[in-house]
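Encoded as C-alpha cells, the structure appears first; notes follow it.
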Amino acid sequence: MRILGGIAIVVVSLLAIDAYINGALDTVTSNTLTPSIPYFAFRTLTRMTIAYAFALAFALTYSCPCSTYSSQSQFSV
Amino acid sequence: MPVVFLIILGTGGGTPPPEFNQEVASIILIFTAMAWAPTFGVIAGINAIPTDIKEAAHAYGMHGTRYLRQIVLPAVFPELVWSSILAWGGGWYLIPVEEHLSFGSAPNLTQVDLPGIGKYIAVAAVNADLASALFGLIVLVGIIFAIDRLVWKPLGVRAEKYKYETIAAPRTTATRQSNVAAGVKRYEDRLVSPVLTFFKSERSYAARVLEITRLRRLRQLTERLRFPERITRIPLWGRLLSYAIFVGLVLLGLIVTIVSRSQSIASGVSLLATDVTGFELVAITFLSVSRLVIAYAVALSWTLGAGILIARSQRLSRLLVPIFDIGQSIPATALFPLVVILLVDPFKNSPLLGFTLNLASVLLILTGMQWYLLFNIVGAVNSVPNDLLEATAAYRIRGGRFVKEILIPASFPAILIGSIQAWGGGWNALIVSEYIGPNANVPGLGSFLVQATSKDPALATVEIYASLLVMTATVLIINRLVWRRLLRKADRYKFEA
C-alpha cells in the first residue's frame, strides 16, 4: 500500500511538473481565485462544522426519545 | 433546496440578499445533506443497547439525563463516529452547489456566491476550466484526507472502547480497515444482521460460554432485525399522525410558497397549466426515474462484484477502501468540466448529443448512488459466519455457485438497505446531473426544477412546488411498491440457530 502510495505521489508530481512546463497550469496560476484557496478552505470548513453541529444536535434530539419510549421508536422507523 | 432559497433569500429583486442570509441558506442546505446519516446511526446505536443493560440501568434508578449520559451516549458513540464520516461525505458532495448558486433570471437574478472551495470548483466548472477544477478537487481531497487522519481515525480508535461485547472479537484487521468500512460493518452487524456477528465471534471464546449465552442473545438480536414487522406494528393513531404531518407540511408549503405569491391555489394551478401539462410532468418524471433505474442497475452490478472481491481479499481491501472513502466525497459538480470535455463538446453538432447527454446524466447520478451500495455490501459479505464458509468449503461450493447461493442471499438485507440509501442519494444527484448547463441538459424532473428557478417568480414558485410534490409522490410510491415488499422478503435471508 505504501509503495503504491509513493508511486502515485511520484507520478502525480511528475505530471504536475510536466503540466507546469507545458503551460497546462497557466489557467490555475492566472485564476484570480487561486490565491484565496486557504481562506476558502477555512470558510468551507467553518460552514461544514456549523452544519455538522446542527446535524448532531438534530440526530440526538430526534433519536434519543426513542430510547425511552418504544412507541416512538416504532414510529421513527 | 429551492424552497430554502425562496424562504431565506426571497426570489430575485435584482439586489443580492444579505451575506448573513446567504450563509444561513448554505448552512441549512449542508445540514439537510448531513442530518440523516447521524440520525440513523444514533437510532441503530440505541437499538443495539442490550436489554440486560437497560434493565440494570432502570433497576439502579437511572432515568432522564443520567441515563442519557451514562447509557445512551456511550452506546451511540461508535455509530455516531462512522455515520459522521458519511454525513461529512454528503456535505462535501454538495458544496459546489451550495456556495455558488444563481436563482431567478436577469434582471431579477439572485446570485449566491459564498467564499469557499465549492465556489472555486463551481466557477471553474462553469468556465470549463478543467485544470482549476482539478486543482480545487485536489485541495478538497487533501482536506478530507487530513480530517480523516486527525479527527476520524483517533475517534474511531476511541469508539472501540464503547462497543458492547460479551466476548473479545478478533481484531487482526480492524486497525487496517477504513473507518467508513468498519463503521458500515458495525451498522450491518447491529441493524441488519446482528446474528452474524454472534456467529463470527465464536472462534475467540470457549464454546461452552457461547452455548449458555447464545439463546438469550439471539432472541434479543433477532428482535432488532424485524424492522419490517415493526412498520406494520405502528398503531392506527401513529399512522394517522404521520399522514397528518405529511398533509400539514404540504399545506404549509402551499401557503408559504404559492398563496403568499399568487392570489389563490386555483390561480397557481392555472398558472402552472400555462407552462406545463400534467402529461408532461408525468413524462419527465418517467424519464428521471428511468435514468435512476439505469444508474442503479449499473451501480448494483459493479458494487456487487467489487464488494465481494474487497470483502474476500484483505490486500484489495487495504488498496481500494481508502480510495473509495475519498471517492464518495468528490462532488458531482467537480466532474462537470470533464463531462463537458468528454461527452458534450465533441458531440455538439452531432445527432449523438442526446445520447451522450443522457449518458453524462446517468454517470453523474451514479456518483451519488454507488457508494452506499458498495459499503453496505462489503459490510455484509464480511459478516458471513465462518462456520458457513467452512461448510461451503467442505462441500466444495465455489465460484459462481458460492456467490449465487451463499454471498448474495447473505448480503440481501444489506443490499436492500444500501439500495434505499442509494436511491436517496440518486434523487439528490438528479438535480445537478440533469442540468449541466443551459446548452447541456436533458428533460427530467431535476432539470425542470433547475429551469423553474430562472422563470418569472410567481410561475417559479408554482413549478418548484409542483415538481417537489411529484418527486415526493414518486418516492412514496416506490417505497410502498418496492422497498417495503422487499424488506418483508429480506426476513427470509437471515441466519438463525
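The values are calculated or read from the model by the stated rules, or taken from the named source; none is laboratory data. The shown structure was predicted, so the numbers you read here are calculated from the model rather than taken from an experiment. Reconstructed Cβ throughout: ideal geometry from the backbone, glycine too, with neighbour counts over all protein chains shown. What goes into the accessible areas is simple: the full protein's heavy atoms, side chains included, and nothing from ligands, DNA or RNA. Shrake-Rupley method; radii C 1.70, N 1.55, O 1.52, S 1.80 Å.
The calculated Kirkwood hydrodynamic radius for the range B:57-160 is 17.0 Å, given to one decimal from all distinct C-alpha pairs.
Quick one: Debye curve from the C-alpha atoms of the range B:410-497, no solvent, what's log10 I(q)/I(0) at q = 0.10, 0.11, 0.16, 0.20 Å⁻¹? Log10 of I(q)/I(0), two decimals: -0.38, -0.45, -0.73, -0.94.
Would you mind working out the accessible area per residue for the range B:409-490, using a 1.4 Å probe, and quoting it in Å²?
Numbers: 2960 Å² over 82 residues.
About 36 Å² of surface per residue is accessible.
Distance between the modelled labels on B:Asn439 and B:Thr51, one decimal in nanometres: 6.7 nm (7 Å Cα→Cβ projection). Accessible area per residue was computed with a 1.4 Å probe on protein heavy atoms; B:Leu338 scores about 80 Å². Can you list which of the trypsin sites (Lys or Arg not before Pro) found in the range B:371-429 are DSSP loop residues with at most 13 other C-beta atoms within 10 Å? When the trypsin sites (Lys or Arg not before Pro) of the range B:371-429 are filtered for loop state and at most 13 Cβ neighbours within 10 Å, B:Arg396, B:Arg398 remain.
Charging the Cβ of each Asp and Glu at -1 and of each Lys and Arg at +1, and nothing else, the dipole of the range B:438-497 about its Cα centre rounds to 500 debye. Between B and A, buried accessible area summed over both sides at probe 1.4 Å, in Å² to the nearest 100? It comes to approximately 4000 Å² buried between B and A.
So if each residue of separation counts as 0.36 nm, and I subtract the Cα-Cα distance between B:Leu469 and B:Tyr60, what length gain in nm does that give?
So the chain would gain 142.3 nm between B:Leu469 and B:Tyr60.
For chymotrypsin sites (Phe, Trp or Tyr not before Pro), the sites in the range B:39-142 that DSSP calls loop and that have at most 13 other Cβ atoms within 10 Å are B:Tyr60. Shielding by partners for peptide B:65-73, expressed as the average number of C-beta atoms from other protein chains within 10 Å of each residue's C-beta, is 2.
For the listed residue pairs B:Lys161/B:Lys404; B:Lys119/B:Lys161; B:Lys119/B:Lys455; B:Lys119/B:Lys153, the alpha carbons are over 31 angstrom apart in B:Lys161/B:Lys404; B:Lys119/B:Lys161. Per-atom-type breakdown for the range B:389-497 gives carbon and sulfur 59% of the accessible area (1.4 Å probe, protein chains only).
Using only atoms on other chains, find how many Cβ atoms lie within 10 Å of each Cβ of peptide B:312-321 and report the average.
Mean shielding count: 1.
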